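Contents: one structure, followed by commentary.
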2 protein chains.
Amino acid sequence: MMFQLDFRDKRPLYEQIKANIKELIISGILKSDERIPSVRELAQTLTINPNTIQKAYKDLETEGLIYSVRAKGSFVAPFNAAANPARLDELMSELEKILAELVYLNVSQEQAIAVVRNVYEKRGVKARD
Amino acid sequence: MMFQLDFRDKRPLYEQIKANIKELIISGILKSDERIPSVRELAQTLTINPNTIQKAYKDLETEGLIYSVRAKGSFVAPFNAAANPARLDELMSELEKILAELVYLNVSQEQAIAVVRNVYEKRGVKARD
DNA sequence: TGAACTGTATTATAATATATAATACAGACA
DNA sequence: TGTCTGTATTATATATTATAATACAGTTCA
């Protein structure tokens, strides 16, 4: 896979793994139904324990980002807006929290909106293969 | 103080305490140089250990949100944009990450901008007393 | 002055979270 | 039939979180 772990990062390893794979999925680098490395394979690549990978995969499956098939492998889940209704609320709540702090730090509304436009320009709607 | 801990929350207690006090500060409910409860006092109110409060306060002081004076108490720090330069980068990075996921979940740019406008309308520039 | 309060520090202990290690089982596949 | 999958279990080690019990130095105020 195309990411590395950062051992100076204070987050648990399985959280870093989740974040990296999520980024690959939402950025469209990994396509729907594309296979991701097996638990053992990725463990070897990152030189960490397979159980840690398994925990990350299990979480990602719960969040609806991947699915696993016994004896076949793990794959990117096809997009399904309704798959995780709670996640949207969570993200909106986090978004508001961050914006509130930016207000406090005197970041202008224009600057904040500029960031939104930037992200949407860069990652705007793409075909999901 | 005007908040409670949620023991179902998976975050550590000291993180919840930090988040709650930070919210009180950035929302302007707590004013500059206003005194916040003493370590022991808040510990008693929340029925948790004083050391846990102390850890939260220490972190908040490091982040420039409060300051403590030996034998006198802990107080809300006057706003200082330059106090924590790294924090802005961190927030911007988190903001982009959340927006990227919202893009993936088919939330429109208009919806995202509406959230920004809402937060700025609600918490827009106020006098810092 | 002295009692009661402050922040801060230290040491010990317990509980929980995280990570590793070693196996095992059942199904897919060539 | 090997070799690969996901998944599960048990054990162990380490780190993080939380509690508990004290202690010290400085303030506030009756």
Given the criteria away from every other protein chain (no Cβ under 14 Å) and modelled with pLDDT of 95 or more, does B:Arg70 qualify?
no
Filter the range B:41-61 down to the residues that are farther than 19 Å from A:Glu101 by Cα and in contact (Cβ under 8 Å) with a residue 12 or more places away in the chain and list them by number.
B:Leu42, B:Thr45, B:Leu46, B:Ile48, B:Thr52, B:Ile53, B:Gln54, B:Lys55
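Let's see how each residue does on (1) assigned by TED's automatic domain parsing to the domain that holds B:Ala56; (2) of a type in the set (Asp, Glu):
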position: B:Ser68; (1), (2): yes, no
position: B:Lys72; (1), (2): yes, no
position: B:Glu90; (1), (2): no, yes
position: B:Ser93; (1), (2): no, no
position: B:Leu99; (1), (2): no, no
position: B:Tyr104; (1), (2): no, no
position: B:Gln109; (1), (2): no, no
position: B:Val115; (1), (2): no, no
position: B:Val119; (1), (2): no, no
Which ones in the range B:12-30 are surrounded by 13 or more Cβ atoms within 10 Å (Cβ to Cβ) and part of a loop (DSSP other than H, G, I, E, B)?
B:Ser27, B:Gly28, B:Leu30
Just name the residue that is farthest from DNA strand C (Cβ to nearest atom) out of those in the range B:62-80 that are free of Cβ contacts under 8 Å to residues at least 12 places away in the same chain and outside any loop (DSSP other than H, G, I, E, B).
B:Thr62
Those residues of the range B:31-44 which are more than 14 Å from chain A (Cβ to nearest Cβ), in contact with a Pro (Cβ under 7 Å, 6 or more places away or on another chain) and surrounded by 13 or more Cβ atoms within 10 Å (Cβ to Cβ) amount to B:Val39, B:Ala43
Would you confirm whether any residue within the range B:32-44 is under 30 Å from A:Val115 (Cβ atoms) and either within 11 Å of DNA strand D (Cβ to nearest atom) or among the basic types (Lys, Arg) (or both)?
no
Assess whether A:Glu90 counts as being more than 11 Å from every other protein chain (Cβ to nearest Cβ) and more than 16 Å from DNA strand C (Cβ to nearest atom).
no
Consider B:Ala86 carefully, then state whether it is within 30 Å of A:Ser27 (Cβ to Cβ), out of contact with any His (no Cβ under 7 Å at 6 or more places or on another chain), outside any loop (DSSP other than H, G, I, E, B) and of a type in the set (A, V, I, L, M, F, W, C).
yes
Considering each residue of the range B:70-123, count those that are out of contact with any strand residue (DSSP E or B) (no Cβ under 8 Å at 6 or more places or on another chain) and within 30 Å of B:Leu42 (Cα to Cα), and give that number.
19
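The values are calculated or read from the model by the stated rules, or taken from the named source; none is laboratory data. Fair warning: this is a prediction, and the values are worked out from it, not measured in the lab. Virtual Cβ from ideal backbone geometry, glycine too; neighbours counted across all protein chains shown.
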